Amino acid sequence: MTTSRVAVVTGAGSGVGRRVTQALLTAGYRVALAGRRPEKLHETLAEVAPAGTSALVVPTDVGAPDSVAELFDSVRREWGRVDLLVNNAGVFGPSAAVDEISYLDWQHTVATNLTGAMLCAQQAVRMMKGQRPRGGRIINNGSISAHSPRPNSVAYTATKHAMTGLTKSISLDGRAHDIACGQIDIGNAATEMTEGIARGARQADNSLAAEPTFDAEHVARAVLYMADLPLDANVQFLTITATKMPFIGRG
């Protein structure tokens, strides 16, 4: 389809964020690519770059309020509005038991995965409330760790459980302003982050087992489906996993 809608994608330089960004650009969205590494953002853009692509590369630290404010100021200056925010930026964080992780590792994971999503949503909602036509959509990347943890993942799991609460609160607060918010929970999409899982992942019984993955393109298609709904309809939660991964019945 052809659209003139404006999207912001965080973590757009790799993995799921790269695939989602490319799907949105191909569908005709104007997209602001946000991430820490500008060279990776430009790689994302160079891999798709269809004729007429309208994109903006904005190096951003989502955990820093001033950096997030500059991201949305750049979008406002360039296009005057934002219709879609995909809160995708995230890190897995420390792989250790709760008594073994450092405060700094915990803090960094929370700042990126949770505070970053809140700061971006805050800026997006402010724009969506004031623009004409008003409203928009926010899609949060939750992960199936929003439902069930892996061993030694306390920081990541806590932030993803919290993401569910953030999604529900934004969805509720946004109703009066035509702002929809939903969450996509992904299990084992094939990206740089899941390369180790495909070789061997720690299971609940402390064994190691290789887990199946699936093409991240299917995640991009799912996000595009959510994004293209009219604002009077919302996918509140969507779970997409490798069919045979140990999630249902995990442990």
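Each value in this text was obtained by applying a stated rule to the coordinates, not by laboratory testing. The structure presented is a predicted model; accordingly, all values stated were derived computationally and were not measured. Note: ideal-geometry Cβ built from the backbone for every residue, glycine included; neighbour counts use all protein chains shown.
What are the semi-axes of the equivalent ellipsoid for the chain, taken as the square roots of 5 times the Cα gyration tensor eigenvalues, largest first, in whole Å? Walk me through the numbers before you get to the answer.
On the way: eigenvalues 170, 73, 63 Å².
Gyration-tensor ellipsoid for the chain: 29, 19, 18 Å.
In degrees from 0 to 90, rounded to the nearest 10, what is the angle of the helix 154-174 Cα long axis to the longest principal axis of the chain?
It is inclined by approximately 30 degrees.
Once the Cα atoms of helix 116-130 and of the chain are each reduced to a long axis, what angle between those two axes, in degrees from 0 to 90 to the nearest 10, is obtained?
20 degrees
I'd like the Kirkwood hydrodynamic radius of the stretch 1-106, using the inverse of the mean 1/r over distinct C-alpha pairs, in Å.
Working: mean 1/r = 0.0692 Å⁻¹.
Computed over Cα pairs of the stretch 1-106, the Kirkwood hydrodynamic radius comes out at 14.5 Å.
In degrees from 0 to 90, rounded to the nearest 10, what is the angle of the helix 217-227 Cα long axis to the longest principal axis of the chain?
50 degrees
To the nearest 20 debye, what charge dipole does the stretch 6-241 have about its Cα centre, counting +1 at the Cβ of each Lys and Arg and -1 at the Cβ of each Asp and Glu?
Working: 21 positive and 23 negative charges, 139 e Å.
Computed about the Cα centre, the dipole is about 660 debye.
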